[in-house]
Amino acid sequence: MRLDSKIAIVTGASSEIGKGIVKRFVNEGAKVVLIARNLDELEKTRKEIGHEEQTTSVICDVTEEAQTVQAINQIMDTYGKIDILVNNAGTINDPKHFHQMEDSEIKKLLDVNLLGVFHMTKSVLNKMLDVKKGTIINIGSISSERAIPRVHLAVYSSTKAAISMFTKSIAVEYARKNIRCNCINPGIINSGMIKPYLDDPQARKILEEKSPLARIGEPEDVANAVLYLASDEANWVTGTILNIDGGKSAAE
């Protein structure tokens, strides 16, 4: 199995994409620590996935650095090492003109999408550096590369663009310590706030027709890419931004 004996952390693990990543990792032999703020949702996710002996729930608000440090120390006490970190936790706002956004809305996007990734990465790096080995995978968005007409997501897109640059910077900074860092940029995935929209057959058809592969992505598509980057098969891959979008970014 590709992740046999590996210890992995997945933040935002109770989301559809997070759940898909955890399931893929478990099936490949990893022991996975699921992180989110809601214990009930984490435990529900573990039961749905099965193989509960390979998973553990840890409550943590990634926007609070003290909580991330405590969570990482708890994981180290239990497993003794951390091989893989997937920074999947994130948030998005309903599309809104930038000038109409409340400061609290802007701050939430920055706190979760940027500081949350910074906090988890910093806490894990302190452990990976001790053994000079590890891999970090950030979940970004193709919104980091382009603005979408009539879909106003200036702050969200900016946070995801920052994650792309953060990925490259961490990859280069820690390459000589044998720590890899890569980023997955999903396109339209059947998850989160877009799911109700996809329930409308006409709306779904429009989106499918705009995709070169003529379908909407599934959480499993993201999970498969994350698995590759987490595995030893990608041991010469670092600083890469991988678009998982059915060819959409190449066609526009």
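Taken as a whole, the condition of being open to solvent by less than 30 Å² (accessible area, probe 1.4 Å), touching a residue at least 24 places away in the same chain (Cβ under 8 Å) and part of a helix (DSSP H, G or I) applies to Ala71. Of all residue pairs spaced 6 or more apart or on separate chains, those with beta-carbon atoms under 6 Å, a first member in region 199-228 that is under 30 Å from Ile49 (Cβ atoms) and a second member that is among the basic types (Lys, Arg) are Glu208/Arg215; Ser211/Lys248; Ala223/Arg24; Leu227/Arg24.
Applying the criterion of being more than 21 Å from the chain's Cα centre (by Cα) and of a type outside the set (D, E, K, R) to the residues of region 77-94, the residue that is surrounded by the most Cβ atoms within 10 Å (Cβ to Cβ) is Tyr79.
Yes/no per residue for (1) more than 20 Å from Ile75 (Cβ to Cβ); (2) under 14 Å from the mean Cα position of the chain (by Cα); (3) open to solvent by 40 Å² or more (accessible area, probe 1.4 Å):
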position	(1), (2), (3)
Lys96	yes, no, yes
Glu105	yes, no, yes
Val112	yes, yes, no
Asn126	no, no, yes
Ile137	no, yes, no
Ser141	yes, yes, no
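Identify all residues within region 191-206 that are more than 20 Å from Ser141 (Cβ to Cβ) and among the polar types (S, T, N, Q); write none if there are none. If the condition is that a residue be more than 20 Å from Ser141 (Cβ to Cβ) and among the polar types (S, T, N, Q), then Gln202 is the only one that fits.
Scanning region 150-176 for residues being surrounded by 15 or more Cβ atoms within 10 Å (Cβ to Cβ) and part of a helix (DSSP H, G or I) gives a total of 16.
Results for (1) modelled with pLDDT under 95; (2) among the hydroxyl-bearing types (Ser, Thr, Tyr); (3) under 19 Å from Ala8 (Cβ atoms), shown as yes or no for each residue.
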position	(1), (2), (3)
Arg46	no, no, yes
Glu64	no, no, no
Thr78	no, yes, yes
Ile82	no, no, yes
Ala89	no, no, yes
Ile92	yes, no, no
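Of Glu64, Glu52, Glu16, all but one fail to be open to solvent by 60 Å² or more (accessible area, probe 1.4 Å) and closer than 21 Å to Ile170 by Cα; the exception is Glu64. Restricting region 33-42 to residues that are in contact with a strand residue (DSSP E or B) (Cβ under 6 Å, 6 or more places away or on another chain) and either farther than 17 Å from Ser123 by Cα or of a type in the set (Gly, Ala, Ser) (or both) leaves a set whose member that is surrounded by the most Cβ atoms within 10 Å (Cβ to Cβ) is Leu42. Scanning region 188-199 finds no residues that are crowded, with 17+ Cβ neighbours inside 10 Å and at pLDDT 95 or above. Screening Ser143 with (1) touching a Leu at 6+ places or on another chain (Cβ under 8 Å); (2) modelled with pLDDT of 95 or more gives one miss only, at (2). Here region 208-219 is the region considered, the condition is being crowded, with 16+ Cβ neighbours inside 10 Å and touching a helix residue (DSSP H, G or I) at 6+ places or on another chain (Cβ under 8 Å), and the residue that is nearest to Ile136 (Cα to Cα) is Pro219. Lys47 satisfies every condition listed in (1) more than 18 Å from the chain's Cα centre (by Cα); (2) in a loop (DSSP other than H, G, I, E, B) except (2). Hey, can you tell me all the residues within region 118-149 that are part of a helix (DSSP H, G or I) and at positive phi? Matches in region 118-149: none.
Tallying residues that are in contact with a helix residue (DSSP H, G or I) (Cβ under 6 Å, 6 or more places away or on another chain) and of a type in the set (D, E, K, R) within region 35-72 yields 4.
The values are calculated or read from the model by the stated rules, or taken from the named source; none is laboratory data. Please read these numbers as outputs of a predicted model, since none were measured by experiment. Cβ: placed from backbone, ideal geometry, glycine included. Neighbour counts: every protein chain shown. These area figures cover heavy atoms from the full protein model, side chains too; ligands, DNA and RNA do not enter into them. Shrake-Rupley method; radii C 1.70, N 1.55, O 1.52, S 1.80 Å.
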